[in-house]
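Report on one structure; see the data block that follows.
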Amino acid sequence: ALALLGGSASVVVVWKWLGKRQIQKKIEEARRTRDEGVKKMAKAVQQFREQTPSVQTDAILSMPLLELTERLREGSLSPKAVLYTYVEKALEVTQQTNCLQHFIPECEEQLQEIQRQREKGLLYGIPVSIKDHIGHKGHLSTCGLVQCLDTLVQEDSVLVKVLKKQGAIPFAMTNVPQSLFNYDCSNPIFGQTLNPFNHQKSPGGSSGGEGALIAGGGSILGIGSDIGGSIRLPSSFCGLCGLKPTAERLSCLLNQDVCSHPAPVPGALGPMARDVDSLALCMKALLCQEMFRLDPTVPPIPFNEEVYSSSAPLRVGYYDTDGYFPLPPCMRRAVQETRGALQAAGHELVPFSPPRIHYVMTELFLKTFFADGGRAWLDVFTGGIVDPGLKPQVNFCKIPKLGKKLLALILKPLQFLLLLKLKISTCRSVKEMWNHHHQIQAYRAEFIAQWRELRLDAVLCPVLGPAFTTGYPGKLLTAISSTMLYNVLNFPAGVVPVSTVTEADEEELKLYRGCCDDPWDRTLKQAVAGAVGLPVAVQCVALPWQEELCLRLMKEVETLSREK
């Protein structure tokens, strides 16, 4: 009938309208479900408060994780009091920052379960928040995509099973950017998450909900994931400690990731917390026989407490810029000050220059994710809507190959670096893909050889920051070279806050020109402006499978920065 009245064009218009209406209904239903869950948890907290008015909320929230676990294990604090204290605080934080996807009501069942366990695990009674795509039975793992709103997870991921075995209580799932491919934190379903220290700023991403919740005090320990900096960037933006382990050190089985595909640059799960000791305890708890049993692909390497607790001087390589995307002055200052503090403490600091970062960024990292020109990534948006923060990348991927070549040709005489940052290489054949994999392996060997030649234990280097104004991360994908490098290498890398942005940093930022004062450099300058008082962090790196050594350097940096 529509075709007869208005022709095929009318059919298309009406069909699109009906599709959008259906999508909107799904989004409204997801939000309604979340809001109902919030109300139920708020009611449960109120009932608990009425029954036990003497609980010292501030004392519980201020305890470091190690002290809290000790108090829980000895029985001077009850798991119920700790759980509801953190649920109450999480309600407050998410109201301010929109950091939660939803609460996990089964946390009350887990509370009963741990009290029946014969042995108290290393995380007995500890409330833990988890990133949206880490599978929890009976809940959505959306990746911020409408197409994932119809399917509930059928089984706990291996990591969640191990957390529960160690006595932890998963109690909340946190917000993420759409498709996880952004270091802002916004999606069309649950909206924009804000930085708890400044609501004009982003908490980072893609583990941005975790960053906001922990930094706001609503969680003491969280689990994020990282494939380009998604643990380390929220940790930098929110003033937290975060560790990206070697990819295979922790199990990723049974996690939801609609964008996953075989790639030579693997993602990793890792902990986020307020201090380094919390990260170490979490790794020690997860690297247990239960994880090795549930996922035989995880190497059975328990946590090496001796390496982490050692006080022997370290030989540390350092650099304050990778030469690809110059970071704001405050981030370079942080590395220089930390280098001086480490030297004064008796460690040996050696200049180190990571090789060929331009090549790594354009030919190795971007080529891994856009080997098909971005078609697989674009497919996840089919029939859905695109978050404004992702539109720059999505629109660029939609440009036909010929159009991209013409654009590069036009821009070449104007800005060579601009051309480099726009260029996305693709693999045109299976042979070319195999060669790409070989190039990554060859680069890893080259990097390790340079590391070995200098006899380094670890490396100190910058991380992107301070927190960007919301909306800017989507415009600056290539600014993540500082973190991306260690995903390509598959090295463990962690972030530690060491300072805050000063008025002097803000003044120096006005003189920032970046690499060649191109549009990307000017955009970075705008993104980080107005950050006085926000956290400033550094990054610590070790060789593969040496997470304990990475944490050891992080702990040393943390101790020295707190003394200062």
Query raised in the report: Can you tell me how many residues in the stretch 15-63 are free of Cβ contacts under 8 Å to residues at least 12 places away in the same chain and of a type in the set (Gly, Ala, Ser)?
Result: 3
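Quick one: would you say SER186 is in contact with a Pro (Cβ under 8 Å, 6 or more places away or on another chain), touching a residue at least 60 places away in the same chain (Cβ under 8 Å), within 17 Å of ILE231 (Cβ to Cβ) and small (Gly, Ala, Ser)?
On the way: in contact with a Pro (Cβ under 8 Å, 6 or more places away or on another chain): yes; touching a residue at least 60 places away in the same chain (Cβ under 8 Å): yes; within 17 Å of ILE231 (Cβ to Cβ): no; small (Gly, Ala, Ser): yes.
Considered against the rule, which asks whether it is in contact with a Pro (Cβ under 8 Å, 6 or more places away or on another chain), touching a residue at least 60 places away in the same chain (Cβ under 8 Å), within 17 Å of ILE231 (Cβ to Cβ) and small (Gly, Ala, Ser), SER186 comes out as no.
Return the only residue of THR94, THR85, THR142 being assigned to a helix (DSSP H, G or I) and within 30 Å of ARG21 (Cα to Cα). Walk me through how you get there before you give the answer.
Working: THR85 fails: within 30 Å of ARG21 (Cα to Cα); THR142 fails: assigned to a helix (DSSP H, G or I).
Checking each option against the conditions leaves just THR94.
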Query raised in the report: Can you name the number of the only condition in (1) touching a residue at least 60 places away in the same chain (Cβ under 8 Å); (2) surrounded by fewer than 22 Cβ atoms within 10 Å (Cβ to Cβ) that GLN154 fails?
Result: (1)
Query - Residue check for GLN101: assigned to a helix (DSSP H, G or I) and either touching a Phe, Trp or Tyr at 6+ places or on another chain (Cβ under 6 Å) or among the polar types (S, T, N, Q) (or both) - result: no
**Report entry** Single condition THR478 does not satisfy, out of (1) β-branched (Val, Ile, Thr); (2) open to solvent by less than 10 Å² (accessible area, probe 1.4 Å); (3) in contact with a strand residue (DSSP E or B) (Cβ under 8 Å, 6 or more places away or on another chain)
**Finding:** (3)
Query raised in the report: Across the stretch 540-559, what is the total count of residues that are out of contact with any His (no Cβ under 9 Å at 6 or more places or on another chain) and either outside the structural domain of PRO466 (by the TED database) or among the charged types (D, E, K, R) (or both)?
Result: 5
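Does at least one position in the stretch 486-493 carry a residue that is modelled with pLDDT of 95 or more, part of a helix (DSSP H, G or I), polar (S, T, N, Q) and touching a Phe, Trp or Tyr at 6+ places or on another chain (Cβ under 9 Å)? Don't jump to the end; show me each part of the working.
Of the residues in the stretch 486-493, the ones modelled with pLDDT of 95 or more are 486-493.
When the remaining residues are screened for being part of a helix (DSSP H, G or I), the result is 486-488.
Keeping just the survivors that are polar (S, T, N, Q) gives 487.
If we keep only those that are touching a Phe, Trp or Tyr at 6+ places or on another chain (Cβ under 9 Å) too, we end up with 487.
Yes, there is a match, as at least one residue in the stretch 486-493 is modelled with pLDDT of 95 or more, part of a helix (DSSP H, G or I), polar (S, T, N, Q) and touching a Phe, Trp or Tyr at 6+ places or on another chain (Cβ under 9 Å).
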Report task. Can you give me the number of residues within the stretch 514-524 that are in a loop (DSSP other than H, G, I, E, B) and touching a residue at least 24 places away in the same chain (Cβ under 8 Å)? Result -> 4
Report summary line: Contact list, first residue from the stretch 444-472 and in the same structural domain as GLN343 (by the TED database), second anywhere and among the acidic types (Asp, Glu) and open to solvent by less than 40 Å² (accessible area, probe 1.4 Å), beta-carbon distance below 8 Å, six or more apart or interchain, is CYS461/ASP320; CYS461/ASP322; PRO462/ASP320; PRO462/ASP322; PHE468/ASP184; THR470/ASP184; GLY471/ASP184; TYR472/ASP184
Requested in this report: Would you check if MET433 is open to solvent by 40 Å² or more (accessible area, probe 1.4 Å), outside any strand (DSSP E or B) and either at pLDDT 75 or above or of a type outside the set (D, E, K, R) (or both)?
Outcome: yes
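How many residues are modelled with pLDDT of 95 or more and either among the charged types (D, E, K, R) or over 18 Å from the mean Cα position of the chain (by Cα) (or both) if we restrict to the stretch 252-290? Outline the logic, then answer.
Of the residues in the stretch 252-290, the ones modelled with pLDDT of 95 or more are 268-290.
Restricting the remaining residues to those that are either among the charged types (D, E, K, R) or over 18 Å from the mean Cα position of the chain (by Cα) (or both) gives 274-275, 277, 281, 284-290.
Looking only at that region, the number is 11.
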Requested in this report: Pairs only if they're at least six apart or on different chains, beta carbon under 7 angstrom, first in the stretch 111-129 and farther than 16 Å from TYR84 by Cα, second open to solvent by 80 Å² or more (accessible area, probe 1.4 Å) and assigned to a helix (DSSP H, G or I); list them, first residue then second.
Outcome: LYS120/ARG73; GLY121/LYS165; LEU122/LYS284
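May I ask you to say which residue of ALA537, ALA527, ALA531 is hydrophobic (A, V, I, L, M, F, W, C), assigned by the TED database to the domain that holds THR338, closer than 25 Å to LEU240 by Cβ and assigned to a loop (DSSP other than H, G, I, E, B)?
Values: ALA537 fails: assigned to a loop (DSSP other than H, G, I, E, B); ALA527 fails: assigned to a loop (DSSP other than H, G, I, E, B).
Going through ALA537, ALA527, ALA531 in turn, the sole match is ALA531.
Where in the stretch 360-405 are there helices (runs of 4 or more DSSP H), lying fully within it, with 1 or more residues that are surrounded by fewer than 19 Cβ atoms within 10 Å (Cβ to Cβ)?
375-379, 391-398
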Query - Selected residue (only one of VAL536, VAL501 is among the hydrophobic types (A, V, I, L, M, F, W, C), modelled with pLDDT of 95 or more, out of contact with any Asp or Glu (no Cβ under 9 Å at 6 or more places or on another chain) and open to solvent by less than 20 Å² (accessible area, probe 1.4 Å)) - result: VAL501
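Hey, can you tell me all the residues within the stretch 412-430 that are open to solvent by 30 Å² or more (accessible area, probe 1.4 Å), over 27 Å from the mean Cα position of the chain (by Cα) and modelled with pLDDT of 60 or more? If you could, list the steps in order and put the result at the bottom.
To start, the set of residues in the stretch 412-430 that are open to solvent by 30 Å² or more (accessible area, probe 1.4 Å) comprises 412-416, 420, 422-424, 426, 428-430.
Subsequent filtering for residues that are over 27 Å from the mean Cα position of the chain (by Cα) retains 412-416, 428-430.
Matches in the stretch 412-430: ARG428, SER429, VAL430.
I'd like the full set of residues that are of a type in the set (Ser, Thr, Tyr) and open to solvent by 20 Å² or more (accessible area, probe 1.4 Å), limited to the stretch 125-151. It would help to see each step written out before you state the result.
In the first step, residues of the stretch 125-151 are kept if they are of a type in the set (Ser, Thr, Tyr); the result is 129, 141-142, 151.
Within the stretch 125-151, just THR151 meets the criteria.
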Query raised in the report: Of the numbered conditions (1) touching a residue at least 24 places away in the same chain (Cβ under 8 Å); (2) in a loop (DSSP other than H, G, I, E, B), SER76 satisfies every one except a single condition; which is it?
Result: (1)
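Which of the following residues is modelled with pLDDT of 95 or more and more than 29 Å from ASN490 (Cβ to Cβ): GLY384, GLY340?
Values: GLY384 fails: modelled with pLDDT of 95 or more.
None of the other options fit; the residue is GLY340.
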Report task. Would you check which residues across the stretch 191-219 are assigned to a loop (DSSP other than H, G, I, E, B) and surrounded by 24 or more Cβ atoms within 10 Å (Cβ to Cβ) and list them? Result -> THR193, SER202, PRO203, GLY204, GLY205, SER206, SER207, GLY218, SER219
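How do the helices (runs of 4 or more DSSP H) wholly within the stretch 243-350 filter down when requiring 3 or more residues that are in the same structural domain as LEU485 (by the TED database) and surrounded by fewer than 18 Cβ atoms within 10 Å (Cβ to Cβ): which remain? Steps first, please.
Values: elements: 276-286, 289-294, 305-309, 329-344.
So the answer is 329-344.
Taking the stated definitions as given, is ALA542 over 25 Å from LEU314 (Cβ atoms), buried (at least 22 other Cβ atoms within 10 Å of the Cβ), touching a residue at least 12 places away in the same chain (Cβ under 8 Å) and in contact with a strand residue (DSSP E or B) (Cβ under 8 Å, 6 or more places away or on another chain)?
On the way: over 25 Å from LEU314 (Cβ atoms): no; buried (at least 22 other Cβ atoms within 10 Å of the Cβ): yes; touching a residue at least 12 places away in the same chain (Cβ under 8 Å): yes; in contact with a strand residue (DSSP E or B) (Cβ under 8 Å, 6 or more places away or on another chain): yes.
Spelling it out, it is not the case that ALA542 is over 25 Å from LEU314 (Cβ atoms), buried (at least 22 other Cβ atoms within 10 Å of the Cβ), touching a residue at least 12 places away in the same chain (Cβ under 8 Å) and in contact with a strand residue (DSSP E or B) (Cβ under 8 Å, 6 or more places away or on another chain).
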Query - From the options SER225, SER230, residue that is in a loop (DSSP other than H, G, I, E, B), at negative phi and either of a type in the set (Ser, Thr, Tyr) or open to solvent by less than 10 Å² (accessible area, probe 1.4 Å) (or both) - result: SER230
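The values are calculated or read from the model by the stated rules, or taken from the named source; none is laboratory data. Note that the structure is predicted; figures quoted are calculated from it, not measured. Because the Cβ atoms are built from the backbone with ideal geometry, glycine has one as well, and the counts that use them run over all protein chains shown. Heavy atoms of the whole protein, side chains included, go into the accessibility calculation; ligands, DNA and RNA do not. Shrake-Rupley method; radii C 1.70, N 1.55, O 1.52, S 1.80 Å.
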